[in-house]
1. What aspartates and glutamates sit close enough to residue 118 to cross-link, taking a C-alpha to C-alpha distance under 16 Å and skipping anything fewer than 8 places away on the same chain?
2. What lysines could a cross-link reach from residue 64, if we take a straight Cα to Cα line under 29 Å and drop same-chain neighbours fewer than 8 places away?
3. Run the simple label-point estimate for residue 113 and residue 139 please: 7 Å along Cα→C-beta, distance reported in nm.
4. What's the carbon and sulfur percent of the stretch 1-119's accessible surface, probe 1.4 angstrom, rounded to a whole number?
5. Given (1) 64; (2) 13; (3) 16 as candidate values of percent of Cα pairs over 27 Å apart, which corresponds to the one derived from the coordinates?
6. Just need the relative contact order of the stretch 5-141 here, percent rounded to a whole number, with Cα pairs under 8 Å and 6+ apart.
Amino acid sequence: MTHETYNHIIDYLRGLIQDTEFEHCTYAVGGCVRDIMLEEEPHDIDLCVEMCNGGIRLADYFFKCGFLESEPVRFERYGVAQVRLKEFPEYPIEIVQTRKELYTYGSRKPETTHGTIKEDAFRRDLTMNALYQEIWSGNII
């Protein structure tokens, strides 16, 4: 997608969450933020919501308000939902809660639970994927 399309989607999302519980805790995260900073075209948009079960709750809010093409696809174990906005159906968006990971001895699959944005940043695979863009302000952290 172009930078213009990315910014248009972010602006649209800002309007959808304005004056809701999601307004000051929703971020674009990872590769899309990295790509914008590197002046490359993002391939997708991932959102992170800093609240318990935030990804699924935001997806359900979008669905309840009629902003989605269809019901969100949920991955409950990881607190992830995938949505397609009616306004931008060609761009699927994954939404996740901020997470921390707990590993059991002998297992490569972590148990994920709600965590802070700091814990979420530290669990990401690459430092450059731990970039967050505040939806409400556009600031990058």
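The values are calculated or read from the model by the stated rules, or taken from the named source; none is laboratory data. Computed from a predicted structure; not experimentally measured. Don't worry about glycine lacking a Cβ; one is built from the backbone with ideal geometry, like all the others, and counts go over all protein chains shown. Note: accessible area is taken over every heavy atom of the protein model, side chains too, but ligands, DNA and RNA are not part of it. Shrake-Rupley method; radii C 1.70, N 1.55, O 1.52, S 1.80 Å.
1. The qualifying aspartates and glutamates are 50, 101, 134.
2. Within reach: 86, 100.
3. In this crude label model, residue 113 to residue 139 measures out at 2.9 nm.
4. Working: 3140 of 6580 Å².
Percent of accessible area from carbon and sulfur atoms in the stretch 1-119: 48.
5. Among (1) 64; (2) 13; (3) 16, the one calculated here is (3).
6. Rounded, it is 26 percent for the stretch 5-141.
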